[in-house]
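Colleague: One structure, pasted below without further comment.
The values are calculated or read from the model by the stated rules, or taken from the named source; none is laboratory data. These figures come from a predicted structure and were not determined experimentally. All Cβ positions, glycine included, derive from the backbone under ideal geometry; neighbour counts span all protein chains shown. Side chains included, ligands, DNA and RNA excluded: accessible areas come from the protein's heavy atoms. Shrake-Rupley method; radii C 1.70, N 1.55, O 1.52, S 1.80 Å.
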Amino acid sequence: MKFTDKFTFITTTVVLSCIALILVGGLFSLRSLTLQYHHNKIDGVVQVIESQLDKHVERKEFDVWLPDLLDASGIVRLQIKHKDKVLFQNYYENRHFFPDNLLIRYQYELDRYPDVALILHTRQPFDSLKFTVVPLLGVSAAILISLLLLGFSMHWIKKQFRGAELLEKRAKYILQNNSTARVGSAGEWPKSASKALDILNKKLDESKKERSYFDEHIRSKAFLDETTGIGNRLAFENQLDATAVDAVIFSSALLQIKLNELEAIQERYGKEKRNKFLLQVTELLKEFTTRYVDPFYGRTDKAEFSLILPQMSYEEAEVSAKQLTKLLLQLQLPEEFDIDEFFHIGVVNFYYGEKPQSIMEDLNRASLIAKHQKSSGWFLEEQEVKQTSLLKGTVRWRSLLEGVLEKDTLLIYRQPLVLRDGNRELYSELWPRITGYDGEVIAAGVFLPMAEKCGLQHHFEHLMLQKVLTLLSDRGDRSAPIAINLSSAILLDRRRMKWFTFELLQLRKVLRSNLVVEIAEQVVVDNYDTLRNVLIGLQKVGCKIAIDNVGKSIVNTAYIIDFSIDYLKLHPGLVRDINLRKTNQTALQSLMASCLNSPTKVIAVGVENIDEWKCLLKMGIFAGQGPLFSIARPLYLCKE
C-alpha cells in the first residue's frame, strides 16, 4: 500500500471514529440528563403527595386528582407502606399491564412519617417518544457536513501527496538503476528534494561518463596509435590471433602497406606535415574498409599500415589489393615525391588454424617481393586453395541455401559457458550451421554473408528465431539458459522485433528468463539511442542482455550502466595469451572497473589453455568460454 493510501486510510478511520465516539457519548449524556430530569419530576410528585398527607386529605379527595397527576407523570404503580404493611397501592394496574422489566422503580422514605415508604413504578422516559425526521435533521446535517469536509480534505491531501508519490517512485527507480529516474516529473514534491535528486543524478551521470572516458583513455593508450587514432601493433596482433583461431572464419586476407618515402617527408617538411599525411592515409583506409564486414585496419609501424579482412577468398583478396592500390594512388604528395614509387602492398590469404607467426612470415615475404617491383603496387603470393566452400558461385550458393530453407535442415550447435568453478554451466551459446554439398558442416560466418548476397538472410534469421523459441518451450523450466546473437538487421527492424517480443510473451516468465540475447558491441555503439527502447523492451520481457566482442575496438563503455547489461563477453583477441601480455591485462582491468557499480558480469571468450584461465580467475573473471572447456557440438548430441 502506498504512503498516501496509508495516510488517508488512517486519517479517515480516526475522523470517522471520532464522529462515532461523539455520537455515542452524546447519546449516553442525553440518556443521563433525561433520566435525571425524570427523577426530578418524580421527586415533585412525591413532594405533592407528602404535602397532601400533611393536610390530612381524605382518600376520596385523592381519587379526584391523583390519577391524573400519576398519568401525567408516567407513574404506573403507587404503593404506600408502613413497615411491611401496604396502606395504599395501584391506581393504574387494572387499566393497563406493564411488564416489570420495562418500568423504573423509585422508593422514598417520608421524613415526617417514620417507617412509611412511598414506592413508585414509572414508565421509561423514552417509552412514548417517537423519532421523526425533523428532530434528526440537525444531527444528520452535522454528520453530512463532517463527511463532506472529510472527503474534501482527503482529496486535497491526495493531490498534495501525489508529488511525494512521484518522488518516491523516482527514488525506487534510482535504487533499481532504472534509466527513467534521471529526469524528474513536473509534479514532484517537496520541490527541494526533487531538485536535490536532479543535481545528484547529474553529478552521478557525469562521474560515470568520466569513469567511462577514463577507462576508454587507458585502453586507447594501450591499443591505439597516438598520431592516427587507429589500432596499433598490439591491437593488430590481438586481432590477427583472434581471426586465425575463429572457427567461423574459413579464409581471410591480410594486407600490409609500407610507405617508402615517409621519413623523407618528415626530414624535409617536419613532423607536422608527416602527421597530416598519415591522417590522409587513415581516411583513405577508413573509406576503403566500409565495404567489408568486420574489418580491422591499424598503423603497425612508423611507415606501415595493416588491414585484416575476414571471410575473404583468394580471388577476393586479389580484387581488394587492386582496389586498395587504385585508392592509394590518389594520395596527395609534395611535388618532389612520385606516387608511383611511394608505397608497396604485401598481401597474404590465410585460413582458419594457421599460426600467426607463419602468416606474418608469408606477409613479409609478399611485402619484400612487392618492394622489389620498385613501382607502387601489390603482390599476392600464389598458393594452393585450401578451402573450396568460399569458391562456390552465387548460383550454387543460392541452390544450397534454398534447399536448407525448403527442407528445414538448419543445424543448431551449442557451446557452453562455464562458471569460475569450472563445473557449473552459466548458459549455452547457439550457432546455426548448414551441411554443404560434400557433407561438410559450414559455419554461419561463411553461409550468412552468401545468404545476404542471395537475399535470403532474412529467412535464415527468422528460421533461427523460430527454432530458439521452440527450444525454450521444449527444454522446460529446469534446463540451462540458451543464448542467441541478434544482428543489427533484426534489432533495427521494428516489425520483426515486435513479432519476436509477442512470441516470447506467449511463453511463461520462467522460460523467457532462460534466454540470453547477445549483441555485438559495435552494433550498440553505432545505434546507441535507437537500441535503447529495444533493449529495455527485451529486459522487461524477462530476457538477459549480453554484449559480445567487447574490447575489439576502443569505445566508450557508458552503455554498461545505461542499459543495465547482464554480461560482457570479451573479444578472443583480448583473452589470447593474456597471461603473457601485460597490456591486455591492463585493458581487462579497465573494463572490469567499468562494471563496479553495476550487476554486469565479465565473461572471457576463446580461452584455450589453463594458464590463460588461471590468470583470468586471478583478475576476477565471472565465467569462461572456449576450447579449454568445450567445443561447439550439435545440440541434439548434448546432454541436458
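Colleague: What shape does the stretch 120-256 have by the C-alpha gyration tensor, where a ≥ b ≥ c are the square roots of the eigenvalues, rounded means a/c under 1.5, and otherwise prolate means a/b greater than b/c and oblate the rest?
Modeller: prolate
Colleague: Sticking with this structure for a sec: At 1.4 Å probe radius, can you tell me the per residue accessible area of the chain in Å²? Intermediate values should be presented prior to the final figure.
Modeller: Values: 34880 Å² over 640 residues.
Roughly 55 Å² per residue, with all protein chains present.
Colleague: Now for a separate question. Per residue, what volume in Å³ does the convex hull of the Cα atoms of the stretch 188-294 enclose?
Modeller: Values: hull volume 21.5 nm³, N = 107.
Value for the stretch 188-294: 201 Å³ per residue.
Colleague: In addition: Rounded to whole Å, give me the distance from the Cα center of the stretch 138-177 to that of the stretch 27-69.
Modeller: Spelled out, the Cα-based centre of one part sits 58 Å from the other.
Colleague: On alpha-carbon atoms, Rg over Rh for the stretch 407-518 using Kirkwood Rh?
Modeller: Values: Rg = 15.0 Å, Rh = 15.3 Å.
On the Cα set of the stretch 407-518, Rg over Rh gives 0.98.
Colleague: If you line up the Cα atoms of the chain on their principal axes, what length do they span on each, largest first, in Å?
Modeller: 163, 61, 44
Colleague: If you build the Cα gyration tensor of the stretch 1-152 and take the root of 5 times each eigenvalue, what three semi-axes come out, in whole angstrom, biggest first? Before the final figure, lay out each step's value.
Modeller: On the way: eigenvalues 495, 50, 34 Å².
Taking √(5λ) for each eigenvalue gives 50, 16, 13 Å, largest first.
Colleague: Quick check: at a probe of 1.4 Å, how many percent of the accessible area of the chain sits on carbon and sulfur atoms? Show your work: numbers first, answer last.
Modeller: Numbers: 19260 of 34880 Å².
The computed percentage sits at 55.
Colleague: Which value, in Å to one decimal place, does the Kirkwood hydrodynamic radius take for the stretch 242-323 when every pair of different Cα atoms is included?
Modeller: Answer for the stretch 242-323: a Kirkwood hydrodynamic radius of 14.0 Å.
Colleague: Report the charge-dipole magnitude of the stretch 301-447 in Debye, nearest 20, computed about the Cα centre from +1 at each Lys and Arg Cβ and -1 at each Asp and Glu Cβ.
Modeller: 520
Colleague: Within the stretch 183-247, list the GluC sites (Glu not before Pro) lying in a DSSP loop whose Cβ has at most 16 other Cβ atoms in a 10 Å radius. Display every interim value, and only then the final one.
Modeller: On the way: sites: 188, 206, 210, 216, 226, 237; in loops: 188, 226.
Filter output for the stretch 183-247: 226.
Colleague: To continue, here is another question. Can you tell me what the convex hull of the Cα atoms of the stretch 470-543 projects to on average, as an area in nm²? Write down the numbers at each step before the final one.
Modeller: Numbers: hull surface 18.5 nm².
About 4.6 nm², averaged over all directions.
Colleague: Would you kindly calculate the translational diffusion coefficient of the stretch 1-65, applying Stokes-Einstein with the Kirkwood radius from alpha carbon pairs, for 37 °C and a viscosity of 0.692 mPa s, and quote it in µm² s⁻¹ without decimals? List each step's numbers first, then the result.
Modeller: Details: Rh = 16.5 Å.
For the chosen part, D equals 199 µm²/s.
Colleague: With every protein chain kept in the model, how would you rank 287, 402, 429 by accessible area, 1.4 Å probe, largest at the top? Could you put the intermediate results ahead of the total?
Modeller: Working: 287 105, 402 80, 429 10 Å².
Accessible-area ranking of 287, 402, 429, largest first: 287, 402, 429.
Colleague: Moving to a separate point now. Need one number: % antiparallel among DSSP beta bridges in the chain, to the nearest 5. Display every interim value, and only then the final one.
Modeller: Numbers: 54 of 79 bridges.
Of the beta bridges lying entirely in the chain, close to 70 percent run antiparallel.
Colleague: With +1 assigned to the C-beta of every Lys and Arg and -1 to the C-beta of every Asp and Glu, and no other charges, what is the dipole magnitude of the chain about the Cα centre in debye, to the nearest 20?
Modeller: Working: 82 positive and 79 negative charges, 366 e Å.
For the chain, the charge dipole is close to 1760 debye.
Colleague: Measuring from centroid to centroid over Cα atoms, what is the spacing of the stretch 496-530 and the stretch 188-256 in Å?
Modeller: 23
Colleague: I would also like to ask the following. Using DSSP to call loops (not H, G, I, E or B), can you name the trypsin sites (Lys or Arg not before Pro) in the stretch 296-369 whose Cβ has at most 11 other Cβ atoms within 10 angstrom? Can you show the working numbers first?
Modeller: Numbers: sites: 299, 302, 322, 326, 365; in loops: 302.
Answer by residue number: there is no such site.
Colleague: To continue, here is another question. Just need the Rg to Rh number for the stretch 512-640, please, alpha carbons only, Kirkwood Rh.
Modeller: Details: Rg = 15.2 Å, Rh = 15.5 Å.
Answer for the stretch 512-640: 0.98.
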